[in-house]
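Please read the structure below before turning to the comments.
The values are calculated or read from the model by the stated rules, or taken from the named source; none is laboratory data. This structure is a prediction, so every number in the text was calculated from the model and none was measured. Cβ coordinates were reconstructed from backbone atoms using ideal geometry, including for glycine residues, and neighbour counts include every protein chain displayed.
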Amino acid sequence: MAEEETELSDNQKKEIAKWFLLNAPAGEIQYVAKDLKSVLNNDDVYDEAASEAFPVYNKSHMICLEMPGRFGDVLVTSYGELQGNEYLDPKTAQVAIVDHVKQVCTEVRPASDEELPTPYVEEYRCALEAEMLKYVGEAYPKGSCSVYCINGKDVEGPGYDFELVAVIFAARLSPQNFCTGSWQSIWNIECKDDIQVLELKGKLQVGAHYFEEGNVQLDAKHECRDSTMFQSPDDSAIAIASLIRHHETEYLASLEASYLNLPDATFKDLRRKLPVTRTLFPWHSTSLFSLTREISKELGIGK
Amino acid sequence: MEAAMGLMRRMPPRHSETALSALLSLLPHNSSDLLSQVDLPLQVLSDDDSGKRFILCEYNRDADSYRSPWSNKYHPRLEDAPYPSSKLRQLEIEANDIFTVYCDQYYEGGISSVYMWEDDNEGFVACFLVKKDGSKTGQGRRGYLEEGTWDAIHVIEVGPEEETTRYCLTSTVMLSLTTDDVSSGTFSLSGSIRRQMNMNLPVADGHLCNMGKMIEEMEGKLRNSLDQVYFGKTREMVCTLRPPSEVLPMRLPDS
């Protein structure tokens, strides 16, 4: 064992602290933060690490924060990021100012015209959002979603491409039951004017964590593509939402299938429930000295 | 220390090695506690003499060398290293042979090792280890797993030999599996659980028989636990996040 106890530099400690924060499962960062502060025993290093790690974590986990003033919730995502701590909520055309480390929305202001898409693009965005909200409301007991324009928001009319992204986020936190989970879908919709096609690319990600007397984590990901015709805002919205619904339902079904397959097929490759003989191992023969040969004969394996 | 263990329970199991070395560098004074309480996936070496592989752990280590259960020699060679007594070594040899057969039966392969050493209370401690690579490139017969490992560590403290001897078993199973296919993407489950079991058994049945039965029972329980409780819980969570369509309320016609 290396005996040189070279003290880690503050920078090294900060990087380690960041690593722990960034790897916290969905919804558990505050618990990780508490344990980390205790282990680090150095508030300055912790604060610096937190200020760097929390924004990245919050955006990649798309945390959902309540906006003061009865505007509803805002999703913190890189798609809606205007500046380091300002996030657009396209639904209400408000900009939320966020404290990343405390994970709260501190204030809200209306979005300026430059921050919003043109009326032409907005028609599509808004129609899609309305359909998505309907879908998410039905399919996800506690889901949130937002539709952003990430490319071509200044497009004035037909003749140009633009790109929307629809994000869905749902989380369940049950720390008293030692269980947490999150679902995230990111659907990129490229609206290609020249070929009059809408191209969809979906990235679905599910995570779950159960930690009573142990630590078991699920991490599942899936990507899919589809396309449909570029139509009027309402018709496009309906078509897109129904494709999304179809793919997500299919994915869920295949997750179920994976779980059903688990005990028999997949798990068996790691350890069988019972030997091929379908009986427990004959340990009683161990009292004999040359038992290995006996057992091998009994079990019919050549050793 | 409690905070450190709390962190270990939340970090993704796949990254436990990174997490542990991070903690060791942050808390150098707690290193022996951390090393004894946190389990990492098992490493393996090849025995020079027989070419057979053996598992590395704290219990067959001295300085930077590890003792092979097959040849009873340290790799790399070491002077003045501890060895079990010749009587215990006999038991150790037998244990390794039996355990290999047991592993063949349950693990369809895998690598196993058993190490024993005398303890201070006139009893001894035995450590049974298994490592299985079930991936399709490894020893997975059915070919579903892109990646899959099962590591089991069973440490049994055997009390002084009386008519009824006390056996204290602490078992840890670490497992990780990943399936990957076009229709369902990547599905990755990983985790570790630890349990204890104490039994008083007649020594007339033989130490190996007693220990073997305990391990078999424990492994069965852990496998079921992992399957039903742990995987079941994560599956439940997915269904809570997004219930399958059959469960959803019927869509009412638009008014």
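Looking at region B:178-188 only, could you name the residues that are at the interface with chain A (Cβ under 7 Å from one of its Cβ atoms) and either buried (at least 17 other Cβ atoms within 10 Å of the Cβ) or under 15 Å from the mean Cα position of the chain (by Cα) (or both)? Residues satisfying the conditions are B:Thr179, B:Ser184, B:Gly185, B:Phe187, B:Ser188. The single condition among (1) in contact (Cβ under 8 Å) with a residue 24 or more places away in the chain; (2) in contact with a strand residue (DSSP E or B) (Cβ under 7 Å, 6 or more places away or on another chain) that A:Arg109 does not meet is (1). Of the helices (runs of 4 or more DSSP H) lying entirely inside region B:1-118, those containing at least 1 residues that are acidic (Asp, Glu) and under 27 Å from A:Asp35 (Cα atoms) span B:2-10, B:16-26, B:31-37. Among the residues making up region B:1-14, those that are of a type outside the set (D, E, K, R) and surrounded by 19 or more Cβ atoms within 10 Å (Cβ to Cβ) are B:Ala4, B:Leu7, B:Met8, B:Met11, B:Pro12, B:Pro13. For region A:112-128, a tally of residues being without any contact (Cβ under 8 Å) to a residue 60 or more places away in the chain, in contact with a strand residue (DSSP E or B) (Cβ under 7 Å, 6 or more places away or on another chain) and buried (at least 16 other Cβ atoms within 10 Å of the Cβ) returns 3. Scanning region A:167-194 for residues that are more than 14 Å from the chain's Cα centre (by Cα) and small (Gly, Ala, Ser) yields a single hit, A:Ser174. Answer yes if at least one residue in region B:231-254 is among the small types (Gly, Ala, Ser) and within 7 Å of another protein chain (Cβ to nearest Cβ), and no otherwise. Yes, region B:231-254 contains at least one residue that is among the small types (Gly, Ala, Ser) and within 7 Å of another protein chain (Cβ to nearest Cβ). Of the candidates B:Leu91, B:Leu42, the single residue that is within 20 Å of B:Trp117 (Cβ to Cβ) and more than 21 Å from the chain's Cα centre (by Cα) is B:Leu91.
Once region B:15-33 is narrowed to residues that are within 8 Å of chain A (Cβ to nearest Cβ) and buried (at least 17 other Cβ atoms within 10 Å of the Cβ), the residue that is nearest to A:Tyr46 (Cα to Cα) is B:Leu26.
Taken over region A:26-47, the criterion of being more than 7 Å from chain B (Cβ to nearest Cβ) and surrounded by fewer than 17 Cβ atoms within 10 Å (Cβ to Cβ) is satisfied by A:Gln30, A:Lys34, A:Asn41, A:Asn42, A:Asp43, A:Asp44, A:Asp47. When restricted to residues that are in contact (Cβ under 8 Å) with a residue 40 or more places away in the chain and among the small types (Gly, Ala, Ser), region A:234-254 contains 4.
The condition of being assigned to a strand (DSSP E or B), over 21 Å from B:Lys87 (Cβ atoms) and of a type in the set (Val, Ile, Thr) holds for only one of B:Thr165, B:Thr179, B:Thr234, that being B:Thr179. When region A:7-25 is filtered for residues that are more than 30 Å from A:Trp183 (Cα to Cα) and either touching a Lys or Arg at 6+ places or on another chain (Cβ under 6 Å) or within 10 Å of chain B (Cβ to nearest Cβ) (or both), the ones remaining, listed by number, are A:Glu7, A:Leu8, A:Gln12, A:Lys13. Only one entry of B:Gly206, B:Gly191, B:Gly148 meets the criterion of being surrounded by 21 or more Cβ atoms within 10 Å (Cβ to Cβ), within 8 Å of another protein chain (Cβ to nearest Cβ), over 13 Å from the mean Cα position of the chain (by Cα) and not aliphatic (A, V, I, L, M), and that entry is B:Gly148. Here B:Gly134 does not fit the description of being more than 27 Å from B:Ser46 (Cα to Cα) and among the small types (Gly, Ala, Ser).
A quick yes/no check of all residues on (1) at pLDDT below 85; (2) closer than 16 Å to B:Arg53 by Cα:
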site	(1), (2)
B:Tyr83	no, no
B:Lys87	no, no
B:Ile93	no, yes
B:Tyr115	no, yes
B:Glu118	no, no
B:Glu122	yes, no
B:Lys132	no, yes
B:Gly138	yes, yes
B:Leu145	yes, no
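Among the listed residues A:Ser227, A:Ser258, identify the single one that is modelled with pLDDT of 90 or more, of a type outside the set (A, V, I, L, M, F, W, C), surrounded by 13 or more Cβ atoms within 10 Å (Cβ to Cβ) and closer than 30 Å to A:Ile186 by Cβ. After applying the criteria, what remains is A:Ser227. Within region A:213-249, the set of residues being more than 8 Å from chain B (Cβ to nearest Cβ) and over 18 Å from A:Gln196 (Cα atoms) comprises A:Cys224, A:Ser242, A:Ile244, A:Arg245, A:His246, A:His247.
Of A:Tyr135, A:Tyr148, all but one fail to be surrounded by 18 or more Cβ atoms within 10 Å (Cβ to Cβ) and assigned to a strand (DSSP E or B); the exception is A:Tyr148.
Taken as a whole, the structure places B:Lys213 among residues that are modelled with pLDDT of 90 or more, basic (Lys, Arg), crowded, with 19+ Cβ neighbours inside 10 Å and outside the structural domain of B:Arg14 (by TED's automatic domain parsing).
Looking across B:Pro84, B:Pro69, B:Pro13, B:Pro41, one residue alone is touching a Gly at 6+ places or on another chain (Cβ under 6 Å) and closer than 24 Å to B:Ala152 by Cβ. It is B:Pro13. A:Lys91: touching a residue at least 12 places away in the same chain (Cβ under 8 Å), assigned to a loop (DSSP other than H, G, I, E, B) and among the charged types (D, E, K, R), yes or no? Yes, satisfied. The condition (being aliphatic (A, V, I, L, M) and either touching an Asp or Glu at 6+ places or on another chain (Cβ under 7 Å) or in a helix (DSSP H, G or I) (or both)) is satisfied by just one residue among B:Leu222, B:Leu189, B:Leu201: B:Leu222. Scanning region B:100-115 for residues that are more than 10 Å from chain A (Cβ to nearest Cβ), crowded, with 21+ Cβ neighbours inside 10 Å and closer than 22 Å to B:Gly148 by Cα gives B:Ser112, B:Ser113.
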